[in-house]
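What follows draws every value from the coordinates through simple rules; no lab data is involved. Note that the coordinates shown come from a computational prediction; the quantities given were computed from them, not determined experimentally. Note that each Cβ is placed from the backbone with ideal geometry, even for glycine, and that neighbours are counted across all protein chains shown.
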Amino acid sequence: MRSSRLVSRKHKEKPAEAQLISHIYLLRGGYIRPLANGIYSLLTPAKRIQTKIISIIREEMEKIDGQEIQMPVVLPRELWDESGRWNSVQAELLRVRDRSNHDLLLAMTHEEAVVALARTEAMSYKDYPFMLYQFQTKFRDEARSRGGLVRVREFVMKDAYSFHATQADLDNYYERCAKAYHTIFRRCGIPEVVSIQSDSGMMGGKVAHEYQLLVDSGEDKVVVCEKCHSYANNEVATCVFQAQPEELLPLEKIETPNVKTIDDLSRFTGLPAEKMAKMVFYTTTNGETIAVVVRGDVEVNECKLQKVLQSEFTFATDEAVIKTGAVPGFACPINLKCRVFTDYSVANGYNLLCGANQADYHMKNFNVSRDLPHATVTDIASVKEGDICPKCGAPLTVKRGIEVGNIFKLGTRYTKAMDMTFTDEKGNDVTPIMGCYGIGIGRLLASICEAKHDEFGPVWPLSVAPWQVQICAMKLDRKEIFETAEQLYKDLKEQGIEVLYDDRNLAAGVQFAEADLTGIPIRLIVAPRALEQGMIEYKMRGTDESGLIPVNEIISFVREKIKTEMEKYQ
RNA sequence: CGGAAUGUAGCUCAGCCUGGUAGAGUACUACGUUCGGGACGUAGGGGCCAAGGGUUCGAAUCCCUUCAUUCCGACCA
């Protein structure tokens, strides 16, 4: 490719709308252009990277016996009625009507479509197991797209669906897929991606893992134990709350005039927040008001609570709180006229300070075991920095990550709802068990940029770089430079090497700055001084490595360089 | 969906408070000088000042409405 022909304008200045480093470089480097909120066109450099990422993923999917298919983007409503998701998924699902007023949707994921496809194909136990996958556009009407390609509304996803006759077979395949994912991220140049426990969300199913790239710019919170190397999404992370056992002291009312918050209470009594019980009231979608009790220093984890309640919820109004018999600001969990959920952090504490259900009074020495003997004790706490790892007892840290992929054991969530069965050896109808496995291609591209860049631009790993070699020619108006550069370009192309040739006769600074934004790993510089000695200079992007190579050896040098460099990404 | 901010040239922004015919840098075009880390000179093209309504002799500027974008929350496969 000649730079003079490439439609991909580079920008010197940071675009006003971009904050994330990958967003900035992808816009500045002429990779992507926004068309609408969360909807982007990819220019050639980004498209070439995407093609390479897809090739790597395809190779790894084939290695675990995947079969590539392609399903439609537009799906009929009836399919999603079968699974119940036409109604259960809200605004994120984009619904459209055709000319005959038929309800359609833009697929945000393809469980329904793949079950509809597979249920008429796999009728016998002899057909199992199998895995179908595709690279296909998804549309998700995100409440808030942001960060360039990190969170968009339309994107290409590799989605894979496996079907199994037995749970053991799924478990086994899930592990194979987990390994394949690590291979994929390693080959894409980001081996640092970690696998973490996660919540399965609206997908259903019990076991799920996310693949997170831990970077400060990430939007997910990941709880990390540095000691035992365990990782969990904030949504499911757990910790242990231990307190020194104390003798249970009698409840004692104390006057706390106008002291309502934990902070105020801490200041007023001199007690740390860990010695208090905090109450939070929520109202569920069906109007029920419930109370949650956590330790004073602990935040309620609303994802965990949602799973406990099996319902969405909002903070309760003061009127709703009063109806439960509680006094806002001085609430006490004892004798409330509503369901009370007690977190382990409180249940494991001794002699805590809590409200007295009377204005301007609190109560000392609250003990769940004695004062709430029938309490529903569950895990509804958000883990925070410094909490204790449940596996090894070391302090936990909270990091940020970008979720580049996920895998789920779906079980029979879809096959059952959509009435998919096969006949086993004994002639019985059996519901197959599913797993599903996703990777967002554009987000992976952006994540590689987040992880691999310097102050001048992206540093693409050779395995995914838009081109393998960049030629920069200085003083192209000189005959010997022009002829050498043209010949070099031609020779490299003949060898099947991907090369971007800057044939625009620009000042060196401009060429180098633009080349940095393109991030091609191997740079060849054709310039007068070296050429007088019969040499071409090479420089590796993102490292200090550089040197002079005789003109007649440059092709074999580049071939060798590509070969050794690619070994890093096997 | 809540809170905040911003919409002026392809891009980054000034002008707005205090109303009087649209500015800079960059990018683009031409010529010349430069040119191993985003060079310089001269000349040129490029704007329905987000849209709609109002106030006014006169609106980019003041007021109202809508839309869009960004940030912080909520949500999220």
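What is the set of long-range amide H partners of A:Phe130 at a cut-off below 5 Å, with H atoms built 1.01 Å from backbone N?
For A:Phe130, the qualifying residues are A:Phe163.
Using Stokes-Einstein with the Kirkwood hydrodynamic radius over Cα pairs, what translational diffusion coefficient do you get for the range A:156-300 at 20 °C and a viscosity of 1.002 mPa s, in µm²/s rounded to a whole number? Walk me through the numbers on the way to the answer.
Numbers: Rh = 20.1 Å.
Using the Kirkwood radius from Cα pairs, D works out to 107 µm²/s.
Given the C-alpha centroids of the range A:554-569 and the range A:454-509, what is the distance between them in whole angstrom?
16
How much of the pair distance distribution for the range A:135-233 lies past 24 Å, counting alpha-carbon pairs only, in percent?
31
For the range A:122-138, just list the computed ³J(HN,Hα) in residue order, Karplus coefficients 6.51, -1.76 and 1.60, θ = phi - 60°, integers in Hz, with x standing in for Gly and Pro.
Per residue, the Karplus-derived 3J(HN,Hα) values read 9, 9, 10, 4, 5, 7, 9, x, 7, 9, 10, 9, 8, 10, 8, 5, 10 Hz.
Placing +1 on the Cβ of each Lys and Arg and -1 on the Cβ of each Asp and Glu in the range A:52-101, which of A:Leu93, A:Ile64, A:Ile53 has its Cα farthest towards the positive end of the resulting dipole?
A:Leu93
In percent, what relative contact order does the range A:491-570 have, based on Cα pairs under 8 Å that are 6 or more apart in sequence? Before the final figure, lay out the partial values.
Values: 59 pairs, mean separation 14.8, N = 80.
Relative contact order here is 18 percent.
Along the charge dipole of the range A:252-378, pointing to its positive end and built from +1/-1 on Cβ of Lys, Arg, Asp and Glu, which listed residue (A:Ile254, A:Thr314, A:Pro328) has its Cα farthest out?
It is A:Ile254, whose Cα lies furthest towards the positive end.
Can you tell me how much longer the chain between A:Val7 and A:Thr120 gets when fully stretched, taken as 0.36 nm per residue apart minus their C-alpha distance, in nm with one decimal? Write down the numbers at each step before the final one.
Working: separation 113, 0.36 × 113 = 40.68 nm, distance 4.57 nm.
Computed gain between A:Val7 and A:Thr120 is 36.1 nm.
Can you give me the convex hull volume of the Cα atoms of the range A:252-378, divided per residue and expressed in Å³? Spell out each step's value before the answer.
Values: hull volume 11.8 nm³, N = 127.
Output value, Cα hull per residue: 93 Å³.
With a bin width of 10 angstrom, please list the P(r) values of the range A:460-569 as percents of all Cα-Cα pairs, from the 0 bin to the one holding the largest distance.
Calculated over all Cα pairs of the range A:460-569, the distribution is 15, 52, 30, 3 percent.
How large is ³J(HN,Hα), in whole Hz, for each residue of the range A:360-377 in order, when computed from phi with the Karplus curve 6.51 cos²θ - 1.76 cosθ + 1.60 and θ = phi - 60°, using x for Gly and Pro?
6, 9, 10, 10, 8, 6, 7, 9, 4, 4, 9, 8, 10, x, 9, 4, 7, 9
Can you give me the angle between helix A:508-518 and the longest principal axis of chain A, using Cα atoms only, in degrees from 0 to 90, rounded to the nearest 10?
50
If you line up the long axis of helix A:44-63 against the longest principal axis of chain A, both from Cα atoms, how many degrees apart are they, to the nearest 10?
The helix A:44-63 is inclined about 70 degrees to chain A.
Spelling out what I want: for every residue of the range A:108-117, take phi, set θ = phi - 60°, compute 6.51 cos²θ - 1.76 cosθ + 1.60 (Karplus), and round to whole Hz; glycine and proline get x.
Here the 3J(HN,Hα) series is 9, 6, 10, 4, 4, 5, 6, 5, 4, 6 Hz.
Charges only on Cβ, +1 for Lys and Arg, -1 for Asp and Glu: so what's the dipole of the range A:1-110 about the Cα centre, in debye to the nearest 20? The partial results should precede the final answer.
Numbers: 18 positive and 13 negative charges, 226 e Å.
For this selection, approximately 1080 debye.
Treating only the Cβ atoms of Lys and Arg (+1) and Asp and Glu (-1) as charged, compute the dipole magnitude of the range A:354-473 about its Cα centre; round to the nearest 20 debye. Intermediate values should be presented prior to the final figure.
On the way: 12 positive and 13 negative charges, 33 e Å.
So the magnitude is around 160 debye.
Order of A:516-527, A:294-305 by packing, highest average Cβ count within 10 Å first? Walk me through the numbers before you get to the answer.
On the way: A:516-527: 23.8, A:294-305: 20.2.
Result, highest mean Cβ count within 10 Å first: A:516-527, A:294-305.
Rounded to the nearest 500, what is the 222 nm mean residue ellipticity of chain A from helices alone, with -39500 (n - 2.57) per DSSP H run of 4+ residues and division by all residues? Walk me through the numbers on the way to the answer.
Working: 17 runs with 159 residues, N = 570.
The per-residue figure over chain A is -8000 deg cm²/dmol.
Can you tell me the orientation of helix A:167-187 relative to chain A, as the angle in degrees between its alpha-carbon axis and the longest Cα principal axis, to the nearest 10?
Approximately 50 degrees, to the nearest 10.
Out of residues 5 or more away from A:Met363 or on other chains, whose amide H comes under 5 Å of its own, with H placed 1.01 Å from N in the peptide plane?
For A:Met363, whose amide H was placed from the backbone, the distant partners under 5 Å are A:Ile254, A:Cys354, A:Gly355, A:Ala356.
If amide hydrogens are placed 1.01 Å from N in the peptide plane, which non-local residues have theirs closer than 5 Å to the one on A:Glu299?
Answer set, sorted by chain and number: A:Ser382.
Excluding A:Leu79 itself, what net charge comes from residues whose Cβ is under 14 Å from its Cβ, given Lys and Arg +1 and Asp and Glu -1? Show your work: numbers first, answer last.
Working: positive: A:Arg77, A:Arg85, A:Arg95, A:Arg119; negative: A:Glu78, A:Asp81, A:Glu82, A:Asp103, A:Glu111, A:Glu112, A:Asp419.
In short, -3.
Please report the spacing between the Cα centers of the range A:394-427 and the range A:106-148 in Å, no decimals.
Computed from Cα coordinates, the inter-centre distance equals 13 Å.
What chymotrypsin sites (Phe, Trp or Tyr not before Pro) in the range A:204-289 are in a loop by DSSP, with at most 12 other Cβ atoms within 10 Å of the Cβ?
Values: sites: A:Tyr211, A:Tyr231, A:Phe241, A:Phe268, A:Phe281, A:Tyr282; in loops: A:Phe241.
Loop-located and lightly packed - none at all.
Just the ratio, please: alpha-carbon radius of gyration of chain A over 2.2 N^0.38 Å, N its number of residues. Spell out each step's value before the answer.
Values: Rg = 29.5 Å, N = 570, 2.2 N^0.38 = 24.5 Å.
Relative to the 2.2 N^0.38 Å estimate, chain A comes out at 1.20.
Please compare each pair in A:Lys479/A:Lys563; A:Lys221/A:Lys307; A:Lys452/A:Lys568; A:Lys493/A:Lys539 to a cut-off of 22 Å on the Cα-Cα distance and tell me which ones are over it.
Where the Cα-Cα span goes over 22 Å, the pairs concerned are A:Lys479/A:Lys563.
What number of lysine-lysine pairs in the range A:1-83 show an alpha-carbon separation below 26 angstrom, given a sequence spacing of 8 or more or placement on distinct chains? Let's see the in-between values first.
Values: A:Lys10/A:Lys47; A:Lys10/A:Lys52; A:Lys12/A:Lys47; A:Lys14/A:Lys47; A:Lys47/A:Lys63; A:Lys52/A:Lys63.
For the range A:1-83, the number of qualifying lysine pairs is 6.
So what is the relative contact order of chain A, in percent, for Cα pairs below 8 Å that sit 6 or more residues apart? Show your work: numbers first, answer last.
Details: 1163 pairs, mean separation 95.9, N = 570.
Reported as a whole number, the value is 17 percent.
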